[in-house]
Amino acid sequence: MAHSPSMNLGELAHYLGATLSHPEAAQVKVSGVATIEEATAAQVTFLSNSKYISKLEQCQAGAILVPEKFTTTAPMPLLHVAHPYLAFAKAIELFHPAPPPNQQIHPTAVLGSGVTLGQGVTIGAYVVIGDRVQLGDRVTIHPHCVIYDDAVVGNDCLLHSHVTLRERVQLGDRVILQNGVILGADGYGFVPMADGSHYKIPQVGTVVVEDDVEIQALSTIDRATLTETRIGAGSKVDNLVMVAHNCTIGKNAILCAQVGLAGSTHVGNNVILAGQVGAAGHLTIGDRSIASAKTGINNSLPPGSQVGGYPNMDQKLFLRVTAAVKQLPQLLRRFRALETQVETLKSQRPTQDNH
Amino acid sequence: MAHSPSMNLGELAHYLGATLSHPEAAQVKVSGVATIEEATAAQVTFLSNSKYISKLEQCQAGAILVPEKFTTTAPMPLLHVAHPYLAFAKAIELFHPAPPPNQQIHPTAVLGSGVTLGQGVTIGAYVVIGDRVQLGDRVTIHPHCVIYDDAVVGNDCLLHSHVTLRERVQLGDRVILQNGVILGADGYGFVPMADGSHYKIPQVGTVVVEDDVEIQALSTIDRATLTETRIGAGSKVDNLVMVAHNCTIGKNAILCAQVGLAGSTHVGNNVILAGQVGAAGHLTIGDRSIASAKTGINNSLPPGSQVGGYPNMDQKLFLRVTAAVKQLPQLLRRFRALETQVETLKSQRPTQDNH
Amino acid sequence: MAHSPSMNLGELAHYLGATLSHPEAAQVKVSGVATIEEATAAQVTFLSNSKYISKLEQCQAGAILVPEKFTTTAPMPLLHVAHPYLAFAKAIELFHPAPPPNQQIHPTAVLGSGVTLGQGVTIGAYVVIGDRVQLGDRVTIHPHCVIYDDAVVGNDCLLHSHVTLRERVQLGDRVILQNGVILGADGYGFVPMADGSHYKIPQVGTVVVEDDVEIQALSTIDRATLTETRIGAGSKVDNLVMVAHNCTIGKNAILCAQVGLAGSTHVGNNVILAGQVGAAGHLTIGDRSIASAKTGINNSLPPGSQVGGYPNMDQKLFLRVTAAVKQLPQLLRRFRALETQVETLKSQRPTQDNH
């Protein structure tokens, strides 16, 4: 385990660009980070959401990363910073430096012909790399990855164990693939035949993953039938997600765990698909759209849509519908009672009215 | 990357059994296939769905695969064929021939005792094959597959990287397993104990996969408790699908991505389960049934059923229900208004009626 | 394939602590176990659920495991036992003994520095084990597992092929991991930035799996951001399940296939989450709660809750709602008719009432 470095609050403030509320505390040593509930006097925590302010009273942290101009009666030193949550992430980096890759090619790695390797590449045990694969500078490939022929991996990519890149898959720079990710397996394309069988359509396209994408464990992005399935720069894909052939995902999109997209659907920039969302094929999901958990998207969405339910509806309507649906059994009873009352009223109508 | 062969339209028509509308174009060279929107003059495309006819006007393709007797004012050569979509799939095969397997056993492959190998078998780096495994002719096994003892693989099977076949799993002929597929892991079977713990029931059955099945990336078919879990001939299973122990799937079934079947459920022939469908255990889903996306099937279905929703209902009813449910908040308001009106009417009844 | 031992009913009764109803049958040989429908005269079956009593008439089994004091007119020998289903599981163990592990370190296994191995450890081909990893006694690791630095594996653990344990992951005793399980991949944590990008929060915590847990194929438990994601003793996790960072699962919980938990959700003891259930983050799901299939849990649940639907509601209400919702299209029609009738009644009010 990497040792957490120790430093004093003055050094930490300098590193994070923070202002220390109690200059006399600059020499106080801290050696780690923790949540607001769990931090000890030797640890730093953060407060960015005002709903947790009440936790400050019990907080034992040695210092707290807080927004500029934040004030409190709590006694511990504050580290004022423009973006406390970001500063907290950087503090984690500082106290938990990743062990440096060894920049070696393990002797058991199998490299095909015509492979090109950048500077400072690390390749783990039993990695198999096909012909003409290109690996950029500072690429780290953990044991048991398999890279098929003609794949291209940009600079500073990190592939965890058991990742597969199929033939001709292209990764940009700084792509992170967690364990077991599969990029470029065949799309699910078959011609339905008159006898009920299915004739396989060769999937000869590929997958392109742009810069700064992270794809988490056991997700799978299928190769396109003819062209490319594309994941846009900065997008983050959680575990067990399925992106079908010919889909395109825009930039900085968020696909939460167990999302599934059917073929040829286009997801815009900054879209958020929450957990277990599914989308039908051949749709366009406009930029900045948000689908709440388990939404089934079955029609295209204009930019900025917020949807829920299946079939998808406006999120506000969905919330009203789900509140209303709980009243449905009672509504049915009251409706039948009302029908009876109306029948009674009808039978009681003054007969002269009909004359 | 495999080079796309080039040929002229006369040769292509001959190969596909097509009739060329403009015999004078027989010498025109084409070198690939593309969609109707993207095809260039050197590429062939296809039209099988009449809703895309309007795209013909903009189409730049060198030739178009169309149904017999199809006519158009568009100027490019037509290739008349009985089944344009099938012909297109075959044209992709023609222009993108798969690289031939090298028919070698990689020196790092570990083979157990008593393994039998057919003719022309290809085994990639670091493949591990247990004792008494049988591999048929022309089997191709990509790197990092693990085959446990006593498994049987038929002729012309293709296993991509990181596939696992557990003990005694049987594959028919021409089975394709995409990357990371796991066949025959233990079923989820436990005896509930009085103290709340769960006693594992040994899963000593197996999985049988019949001819011409394709299973896509990261899907998992569990072994039966005692007998066999079976995937019928010609069925196609998409990514991240879960088939539990003791299930049987009929012939030519379609299980789309992220479908999950609980234990001992029987799926008939030609059934289609769309994405993210779940089915409870111990059900029978009749032949040719179709479940729309995200359906939760919790009772058995007669042949030819079309269902949606959860709990599943007839698909037509489901569509009416999902349309109606959006009106529910408004209905509640109108209902309360109507109740008030009826109260008013009751209070206004002529008093003599009660005498 | 392991040979099934043969024994007589007297020996079997002795082993299972059962009482044989027909002492004269003690010498009858049996050689296996089967379901009540499929058992032959040489096989033993079981009856624990009274709804299957009618199947006894057709049953061909050589003997049946039944509850104490159970009586029947069926002629075959009965094996009276306190818990027939448990006895059946033990009979399967008896007739299908797992092949003993070879207790060897395969020469291709790569072990880091400072690895400690217990007694009787078995390590398969191409296993990669990082530095300072600790393996307890009688651990079995199948081919192609990858264990990162500083992981700890307790006694009698079984890891099937392609399992990954990330850095510092800890397994208790008797943990079973089916094929392709990934423990400790990075959690999905990012700081949203003003420009729409996402800044990765280092995930420096780990995963702790307590004693007697089984996790099935292709499930993934993410490491905590700072502390630990924990799976409590005796819990069983089915295939393709996603447990996000910082979650805790209590003891003896059941997470069925394709369940997904968002981050920092706490699941109590003896909870049952059926297939495809999803839970939002930062929730507490009380002990002994049960969520039916496909439930979307979006608020915390007190102990003993039974819920269904999305958003989750009480299971009994959910059943009434799902029955009522099917009547909604008809209700809308009847409601409009009733509105018309009330309008008519209003127009027919005796005019003198208003004077």
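The values are calculated or read from the model by the stated rules, or taken from the named source; none is laboratory data. Keep in mind the model is a prediction, meaning the values are calculated, not measured. Virtual Cβ from ideal backbone geometry, glycine too; neighbours counted across all protein chains shown. Note: accessible area is taken over every heavy atom of the protein model, side chains too, but ligands, DNA and RNA are not part of it. Shrake-Rupley method; radii C 1.70, N 1.55, O 1.52, S 1.80 Å.
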(request) Just give me the residues in the range B:110-132 being in a loop (DSSP other than H, G, I, E, B) and open to solvent by less than 20 Å² (accessible area, probe 1.4 Å), in sequence order. (result) B:VAL121, B:GLY124, B:ALA125, B:TYR126, B:VAL127, B:GLY130
(message) Being of a type in the set (Gly, Ala, Ser), open to solvent by less than 20 Å² (accessible area, probe 1.4 Å), more than 8 Å from every other protein chain (Cβ to nearest Cβ) and closer than 24 Å to C:ILE201 by Cβ: is that true of A:SER161 here?
(response) no
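Within the range A:196-224, which residues are of a type in the set (Ser, Thr, Tyr) and either surrounded by fewer than 24 Cβ atoms within 10 Å (Cβ to Cβ) or more than 8 Å from every other protein chain (Cβ to nearest Cβ) (or both)? Break it down stepwise before answering.
Narrowing the range A:196-224 to residues of a type in the set (Ser, Thr, Tyr): A:197, A:199, A:206, A:219-220.
Hits for the range A:196-224 are A:SER197, A:TYR199, A:THR206, A:SER219.
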(request) Among the numbered conditions (1) among the β-branched types (Val, Ile, Thr); (2) surrounded by fewer than 22 Cβ atoms within 10 Å (Cβ to Cβ); (3) in the same structural domain as B:ALA34 (by TED's automatic domain parsing), tell me where B:VAL66 comes up short. (result) (2)
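Which residue is nearest to A:ALA279 (Cα to Cα), if the candidates are limited to the range A:239-253 and must be more than 13 Å from chain B (Cβ to nearest Cβ) and buried (at least 22 other Cβ atoms within 10 Å of the Cβ)? Step through it out loud before you land on a result.
Filtering the range A:239-253 down to residues more than 13 Å from chain B (Cβ to nearest Cβ) leaves A:248-253.
Subsequent filtering for residues that are buried (at least 22 other Cβ atoms within 10 Å of the Cβ) retains A:249-250, A:252-253.
Values: A:ILE249: 13, A:GLY250: 15, A:ASN252: 18, A:ALA253: 15 Å.
Here the answer is A:ILE249.
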(message) For the range B:221-245, which positions are of a type outside the set (Ser, Thr, Tyr) and either closer than 20 Å to B:SER289 by Cα or modelled with pLDDT under 95 (or both)?
(response) B:ARG230, B:ILE231, B:GLY232, B:ALA233, B:GLY234, B:LYS236, B:VAL237, B:ASP238, B:VAL241, B:MET242, B:VAL243, B:ALA244
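Quick check on this structure: which one of A:TYR52, A:TYR126 is on the phi > 0 side of the Ramachandran plot and within 14 Å of chain C (Cβ to nearest Cβ)? Write out each step before concluding.
On the way: A:TYR52 fails: on the phi > 0 side of the Ramachandran plot.
Just one listed residue meets the conditions, A:TYR126.
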(request) Sort out which residues of the range C:69-93 are open to solvent by 20 Å² or more (accessible area, probe 1.4 Å), in contact with a strand residue (DSSP E or B) (Cβ under 8 Å, 6 or more places away or on another chain) and either among the acidic types (Asp, Glu) or within 22 Å of B:ILE201 (Cβ to Cβ) (or both), and write them in order of number. (result) C:PHE70, C:HIS80, C:ALA82, C:HIS83, C:TYR85, C:LEU86
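In the set C:LEU283, C:LEU328, which member is aliphatic (A, V, I, L, M), without any contact (Cβ under 8 Å) to a residue 40 or more places away in the chain and assigned by TED's automatic domain parsing to the domain that holds C:THR248? Give the derivation first.
On the way: C:LEU328 fails: assigned by TED's automatic domain parsing to the domain that holds C:THR248.
That would be C:LEU283, the only listed residue that is aliphatic (A, V, I, L, M), without any contact (Cβ under 8 Å) to a residue 40 or more places away in the chain and assigned by TED's automatic domain parsing to the domain that holds C:THR248.
What about B:ALA185, is it within 13 Å of chain C (Cβ to nearest Cβ), buried (at least 24 other Cβ atoms within 10 Å of the Cβ) and not polar (S, T, N, Q)? Don't jump to the end; show me each part of the working.
Numbers: within 13 Å of chain C (Cβ to nearest Cβ): yes; buried (at least 24 other Cβ atoms within 10 Å of the Cβ): yes; not polar (S, T, N, Q): yes.
For B:ALA185, the condition - within 13 Å of chain C (Cβ to nearest Cβ), buried (at least 24 other Cβ atoms within 10 Å of the Cβ) and not polar (S, T, N, Q) - is met.
Collect the residues in the range C:327-343 that are open to solvent by 60 Å² or more (accessible area, probe 1.4 Å) and under 21 Å from A:SER347 (Cβ atoms), keeping them in residue-number order. Spell out the reasoning first.
Keep residues of the range C:327-343 that are open to solvent by 60 Å² or more (accessible area, probe 1.4 Å), which gives C:327, C:330, C:333-334, C:336, C:340, C:343.
Those that are open to solvent by 60 Å² or more (accessible area, probe 1.4 Å) and under 21 Å from A:SER347 (Cβ atoms): C:ARG334, C:THR340, C:GLU343.
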(message) Criterion first (over 18 Å from the mean Cα position of the chain (by Cα) and β-branched (Val, Ile, Thr)) does B:THR220 satisfy it?
(response) no
(message) Based on this model, can you work out whether A:GLY234 counts as in a loop (DSSP other than H, G, I, E, B), free of Cβ contacts under 8 Å to residues at least 12 places away in the same chain and facing another protein chain (nearest Cβ under 8 Å)?
(response) no
(message) Could you check the range C:254-289 and list, in sequence order, the residues that are open to solvent by 10 Å² or more (accessible area, probe 1.4 Å) and of a type in the set (Ser, Thr, Tyr)?
(response) C:SER264, C:THR284
(message) I'm trying to understand the selection: among the residues of the range A:260-276, which are part of a loop (DSSP other than H, G, I, E, B) and more than 10 Å from chain C (Cβ to nearest Cβ)?
(response) A:ALA262, A:GLY263, A:SER264, A:THR265, A:GLY268, A:VAL271
(request) Return yes when B:ASN299 is of a type outside the set (Val, Ile, Thr), assigned to a loop (DSSP other than H, G, I, E, B) and at the interface with another protein chain (Cβ under 10 Å from one of its Cβ atoms) and no when it is not. (result) no
(request) With the checklist (1) within 12 Å of chain B (Cβ to nearest Cβ); (2) surrounded by 17 or more Cβ atoms within 10 Å (Cβ to Cβ) in hand, flag the one item A:ALA293 doesn't pass. (result) (1)
(message) Restricting to the range C:129-154, name every residue that is more than 9 Å from chain A (Cβ to nearest Cβ) and among the basic types (Lys, Arg).
(response) C:ARG138
(request) Name, by its number, the condition in (1) within 22 Å of B:PHE95 (Cβ to Cβ); (2) without any contact (Cβ under 8 Å) to a residue 60 or more places away in the chain that does not hold for A:ILE215. (result) (1)
(message) Taking the criterion of being open to solvent by less than 20 Å² (accessible area, probe 1.4 Å) and either within 12 Å of chain C (Cβ to nearest Cβ) or over 29 Å from the mean Cα position of the chain (by Cα) (or both), would at least one residue in the range A:97-106 satisfy it?
(response) no
